[in-house]
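The values are calculated or read from the model by the stated rules, or taken from the named source; none is laboratory data. The model shown is predicted, which means the values in this text are computed figures rather than measured ones. Please note: Cβ atoms are built from the backbone with ideal geometry, for glycine as well, and neighbour counts cover all protein chains shown.
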Amino acid sequence: MKTLRTLLFACLAALVLAGLTALTLPRDSAGRPFALTTLVTTSDPVKVPAARVKEAVEEVVAGQNFFTADLEAVRAAVEALPWVKRAQVRRRWPGGLEVRTELHEVFGIYEDGRLLSTEGVLFSANPEESPETNLPDIFGPAEDAPELVRAAKLFSEMIKPLDARITELILSDRGGWSFVMTGDGMPPTRVELGQVHEDDTPEKRLRTLVEAYPLMKELFGGPPSTLDARYDRAFAAGLPDRALIEKHARSMREAGRGRDPVPLPEEDTNEATER
């Protein structure tokens, strides 16, 4: 008996070290041989709790035993759960099933409320179950989801010198790109990049805009309120919005990250800057 207890303890310890959770399946009331008694699973305790996996598996294997359990049906049931990207299922002698899950990594929130993964896959899940914060809102045709993620990643990398991040990305029905960026010292700012042309791409326009941004900020006495790079050989920049800058600075101070806004010009008109 002591040897058996030692063996069971060793098995449980091995499961813990492997990141697995062992659950007990309902007892077969008919007493049929080779009944399924144990479910071993890897799962995120917040996104995919083990109890949620167990519930999905139980519905599939009811009335089945170790040999007759439909592993493909179990896999499909687990992959139908929120956050699950793919699942692997195998038998564990003498009466168990092992389910390993791979989860989606969320990138943003799509316009219809679904989540968009880092691989450009749309899926349904509760964003509050994810530790990721400051997820950007993504707008555009669903069939272009992978391209939306690619562009958002590229634009995000390009605006890093501005200490800014993207909060909203839009791809219009006509193929025009735009986004909203913000940072500790930058209130939400809309950037219009337009469509792709033969020798003029949104990436090229954004690169020019990022290079010119520090000079614009210095000349304007503060961050431009809007940026429009759709023009030929020039882009438009809106003069700083005093009320918006003060509101943003106040929110940053409340978060412990902000500074007092610099004095700004009273005018609020648009100026064109050569690029």
Would you confirm whether or not segment 137-160 contains a residue that is in a helix (DSSP H, G or I), at pLDDT 95 or above, touching a strand residue (DSSP E or B) at 6+ places or on another chain (Cβ under 9 Å) and of a type in the set (V, I, T)? yes
For residues that are more than 23 Å from P136 (Cα to Cα) and in contact (Cβ under 8 Å) with a residue 60 or more places away in the chain, tally how many sit in segment 168-222. 2
Output yes when any residue across segment 227-234 is modelled with pLDDT of 95 or more, farther than 15 Å from I159 by Cβ and either surrounded by 15 or more Cβ atoms within 10 Å (Cβ to Cβ) or out of contact with any Ser or Thr (no Cβ under 9 Å at 6 or more places or on another chain) (or both), and no when none is. yes
Among the residues of segment 170-196, how many are closer than 16 Å to T226 by Cβ and assigned to a strand (DSSP E or B)? 17
Suppose we filter I159, I170, I166 for residues that are β-branched (V, I, T) and touching a Gly at 6+ places or on another chain (Cβ under 7 Å); which single one remains? I170
Just checking, how many residues over segment 37-63 are free of Cβ contacts under 8 Å to residues at least 40 places away in the same chain and part of a helix (DSSP H, G or I)? 10
Kindly establish whether A243 is assigned by TED's automatic domain parsing to the domain that holds W177, exposed (fewer than 14 other Cβ atoms within 10 Å of the Cβ), out of contact with any helix residue (DSSP H, G or I) (no Cβ under 8 Å at 6 or more places or on another chain) and at pLDDT 85 or above. yes
Scanning segment 70-112 for residues that are at pLDDT 95 or above and small (G, A, S), which turns out nearest to L135 (Cα to Cα)? G108
